[in-house]
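Just so it is clear, none of the values below were taken in a lab; they were calculated from the coordinates. None of these values were measured; they are calculated from a predicted model. Backbone-built Cβ (ideal geometry, glycine too); neighbour counts: all protein chains shown.
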Amino acid sequence: MKGGADATSRTVDERSLTGVIEVGAVWLTAPMATVILRPWAPEHLPLLLAADTADMTRFLGGSEGEDAVLRRHQNYLRSRDGGQEWMFAIEADGEGAGGIGFWTTEHDGEAAYEVGWNVLPAWQGRGIAREALSIVVDILRSDVPPLPRAYAYPSVDNAPSNALCRSAGFADHGERDFPFRGTVLRTRVWALELHPA
């Protein structure tokens, strides 16, 4: 990755934005947190454990269990050494808020990046995922080996993640069955052109 580990800690000018929250039919403005992505480190294990609840994994086939989470944490730590996977902890106003990452994959025979994320309940609805995804898209467009597209595969029932993909400029490519952690999820396929002509 160009610029080394520090390049992944950037915050895109540490944007602190104002978001809009819908409450019934009333729209309220609310301050958004300052979002920073940190390369995955040993101290980020509690974020993975906190994300392995029934509520947080309801669109992913359910909780993995502590042993599987510990193995995934070790995989994330190895991703810091470079290669085909990049994982980050999401910090919001200096606190752990979730995780986001991208990795190389193949989609219909073409090399591409896949993006995935989670935001813990206390931080949901505040634009944290959107800001984190914006930072990741900037990284994909400038700091890693170029590939034509990035994909995301949220469950068709995960309305917030599907709305996030749409608002981030990903194009809807329909539905697909997606093997994931020993099960098959019905997902919506979202694609983003990383280097449009």
Evaluate the distance, in nm, between pseudo-label points positioned 7 Å from the Cα of residue 163 and of residue 195 along their respective Cα→Cβ axes. 3.5 nm
Sort 135, 100 so the one with the fewest other Cβ atoms within 10 Å of its own Cβ comes first. 135, 100
Mind giving me the nanometre distance, one decimal, between the label points for residue 110 and residue 156, set 7 Å out from Cα along Cα→Cβ? 2.3 nm
Roughly what % of Cα-Cα distances in the stretch 68-197 sit above 23 Å, to the whole percent? 32 percent
HN-Hα J couplings of the stretch 152-161 from phi, Karplus 6.51/-1.76/1.60, θ = phi - 60°, integer Hz, Gly and Pro as x? 10, 10, x, 4, 4, 8, 8, 4, x, 5
Assigning unit charges at the beta carbon (Lys, Arg +1; Asp, Glu -1) and nothing else, what dipole magnitude in debye, to the nearest 20, does the stretch 62-159 show about its Cα centre? 100 debye
Expected vector for the stretch 95-105, Karplus 3J(HN,Hα) from phi with 6.51, -1.76, 1.60 and θ = phi - 60°, integer Hz, x for Gly and Pro, equals 10, x, 10, x, x, 8, x, 8, 8, 7, 8
³J(HN,Hα) computed for each position of the stretch 124-135 - Karplus, 6.51 cos²θ - 1.76 cosθ + 1.60, integer Hz, glycine/proline x: 6, x, 10, x, 5, 4, 5, 5, 4, 5, 4, 5
Extension length gain for residue 103 and residue 124 (0.36 nm per residue less Cα distance), in nm, is 5.2 nm
